[in-house]
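Below is one structure, written out as structure tokens; comments come after it.
Read the figures in this text as sums done on the coordinates, not as results from a lab. Values in this document were obtained by computation on a predicted structure and should not be read as measured data. All Cβ positions, glycine included, derive from the backbone under ideal geometry; neighbour counts span all protein chains shown.
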Amino acid sequence: MIPVRCFTCGKVISTEWEEYKKRRDAGEDPRVILDDLGLERYCCRRMLLTHKEIIDDLNPYQ
Amino acid sequence: MSGYKCARCKQKVEIDINVRCPYCGHRILFKERGAGIKTVKAR
Amino acid sequence: MDIAFSRLESEVAKFVLSESIPAFANSFRRTMISDVPKLAIEDVIIYDNNSALFDEMLAHRLGLIPLKTNLSEYKKKSECSCGGEGCSLCESVYTLSAEGPCLVKSSDLIAQNPDAAPVTGEIPIVKLEKGQKVVLEAHAEINTGLEHAKWQSTLACGYKTYPVITIGDNCDACGHCADECARHVLKLAKKSVEVIDGKLIDCSMCKLCEKACVGSGWEDAAIRISSDNTKFVFVVESDGSLPVKEIMTYALTDLKDKSDSLVDVLTNISGAL
């Protein structure tokens, strides 16, 4: 799961993940999306840029 | 003592001497979650 | 001492603190970060959880959710009349029960007191597959950022000294400094370079312009960057649990109370001698 807050500054960034993922998969430039979402510091930007969702890979192993 | 579950055939297993599923022979078992209520600190 | 706001919203404030000293600016910053109390989930009682996340992980995620805080409504647990056991005066209770397949969000966290609900209902907590289930109860309490970062109500909270750009008479308007400036603070005028109106505050004092000026042949750079140690440019951001204005006023009152009590202690000691 996407971390709730930015590790460095503590801004809540998990709320933007769904929209970021949708628009990124649609082929939009991540820089434009992040600017749109109002993430101006590079600490918050890297949280979304570098995130890989693995919960669906974990779920079968119960 | 809480029971175990076989990782392959998902059946409930009791461990006696060997760690092995009596139904399919698989050697990987999961420990089942206990029935008790667990309190954790959110830190 | 004077504060002039260039921006004041409920979640962001930018202001210039003038006629002050670095010691005050820094203690103000530190008080805002670590001494302003707010609500955050501390104890989580888990009845059932067979999701892909461990109980501790789930509890940690819950703890980071910002909760709307009314400081007059709750007391710190250690100062409460219940003696730290937990009562309605020092604790806010939430329940969560969800069954998959679904995405559990912070809006599924049902608060007993709607005034202390999560700031936003859109925070994903855990994704559940079919047959997975999470049932839990969470207790939030008031504390400060000194104890744990989840009780810290400010995000980006910092200051810099006010930049001063002096352009000497020996400037030949070559424009190298304006090209070099990363924040686009300088522009080329007829006889020399000038600071663009309202852009001075953006100067990061990196001194690239000084280097460019020396590089263009002058023995002594015509442009000099220094800082005014009595003026401070502040940025304060809130996570939404408290408005920035309340954070600032609380921090200032707290600072005042603390210095007053120091004075009291000092007079007591000197009186006793």
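For the protein assembly as shown, a simple Cβ point-charge model (Lys and Arg +1, Asp and Glu -1, everything else neutral) yields a dipole of about 1200 debye relative to the Cα centre.
Can you pick out the pairs among C:38/C:245; C:199/C:231; A:22/C:105; A:11/C:68; C:77/C:133 whose Cα atoms lie more than 21 Å from each other? In this structure, C:77/C:133 lie more than 21 Å apart at Cα. Going Cα to Cα from residue A:21, which aspartates and glutamates come in below 12 Å? Please leave out same-chain ones fewer than 8 positions away. Counting by Cα, and skipping residues close in sequence, residue A:21 has these aspartates and glutamates nearby: A:29, A:53. Close amide H contacts of residue A:5 (hydrogens built in the peptide plane, cut-off under 5 Å, sequence separation of 5 or more or a different chain): A:13.
By the count of other C-beta atoms within 10 Å, a proxy for reagent exposure, C:81, C:238, C:107 are ordered fewest to most as C:81, C:107, C:238.
Neighbour counting of Cβ atoms within 10 Å sorts the residues C:252, C:58, fewest neighbours leading, into C:252, C:58. Candidates C:102, C:271, C:236 compared by Cα position along the dipole of chain C: farthest toward the positive end lies C:236, with charges placed on Cβ.
What the phi angles of region B:10-25 give under the Karplus curve with 6.51, -1.76 and 1.60, with θ = phi - 60°, is a coupling list of 6, 8, 6, 10, 9, 8, 10, 10, 8, 8, 7, 6, x, 8, 10, x Hz, glycine and proline written as x. Taking a ≥ b ≥ c as the square roots of the Cα gyration tensor eigenvalues, the protein assembly as shown comes out oblate, since a/c reaches at least 1.5 and a/b does not exceed b/c.
For residue C:132, the amide hydrogen comes within under 5 Å of the amide hydrogens of C:100, counting only partners 5 or more places away or on other chains and with H modelled in the peptide plane.
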